[in-house]
Each structure stands twice: as C-alpha cells, then as structure tokens.
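Working notes, structure below.
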Amino acid sequence: MASSSSVYKDGDTEVIADINVTPLVDVVLVLLVIFMVTAPIIAGRGISVNAPTTISGDSVATPLQVTLTKDGKLYVEGKPTSSYETLKVTLDQVRARDPDIKAIIAADAEVPHGEVMKAIDSVKRAKITKFALASKKPPEGARGN
C-alpha cells in the first residue's frame, strides 16, 4: 500500500528538500514592473501648495545662505551678487574654504520658480550637494491637515 507523505522523494532514495523560489521571483518581478510603470504617473501629478509656507521642517543652521528677493536681487551670505555666474564663482570660493558646506536657498514667495531653479543649479554646479529650501511656518490658527 502506498503511503502519502509530505516529503517529496526523487526515485526511491533521495529526498528533495529544496524550496522552489521561482514563483516568488515571478511575483517580485511583476510587482517591480508595476511600481516602475506607476511611479512616474503618481509623481507627475500636480499638487497645489502655497510655498514657501510649510508646517513641517526643521531649522537648519548653516553659514551659507543664498537669497533671492522679489525684485530680482541675488545675495550670498548677505552680500549682493550681480548674476548667477558670479554666484557660482562665489560658491566655489566658499566651498574651497569648507568642502562639506551646506547651503540654504531662501526665496521670496513671489520669485518665479525658474529663478529658484537657477539658484539651485548654481549651487549644484559649485558641487555643494547638501542644500535646503527655506520656508516659514504658517500662523498657529492656519494649520491644516
């Protein structure tokens, strides 16, 4: 009489104790493809924000601050700078003094997005990889969910 057991045998002598991971790999690869396809769609959605007011965010202390005013003036460490090219030169000099410098980019809420992107580009071209965008917290009664 044949016995039914949960141990698989190869022929009469060898027990196969391996776990078949092929289905697991198939499921993981399908999930990976799904996430790769849907991630750009989810990230590309426009989210309306009222920048630069934020509820979250920690204060960051750094000696290097790049400031953009609503009338188009550019400042580095409180000193006026005439263009984004001179901004990069100044940032290169600051980075030469301290290779691990961190920067804060502070822009008025009315500064166009493109101008902020130019400031970010100047910071990145100066090889300053650690930077933050300055924001302010809203009044206590104006906090939302």
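Coordinate-derived values only; no laboratory data. Not measured: the values here are computed from a predicted model. Cβ: placed from backbone, ideal geometry, glycine included. Neighbour counts: every protein chain shown.
What full-extension length gain, to one decimal in nm, is calculated for Ile34 and Glu77 as 0.36 nm per residue of separation minus the Cα-Cα distance? Intermediate values should be presented prior to the final figure.
Numbers: separation 43, 0.36 × 43 = 15.48 nm, distance 4.60 nm.
Here the answer is 10.9 nm.
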Lys127 versus Thr22, label points 7 Å from Cα toward the beta carbon: distance in nm?
5.1 nm
If contacts are Cα pairs under 8 angstrom and at least 6 residues apart, what is the relative contact order of region 64-137 in percent?
36 percent
Can you tell me how much longer the chain between Thr86 and Met117 gets when fully stretched, taken as 0.36 nm per residue apart minus their C-alpha distance, in nm with one decimal?
9.6 nm
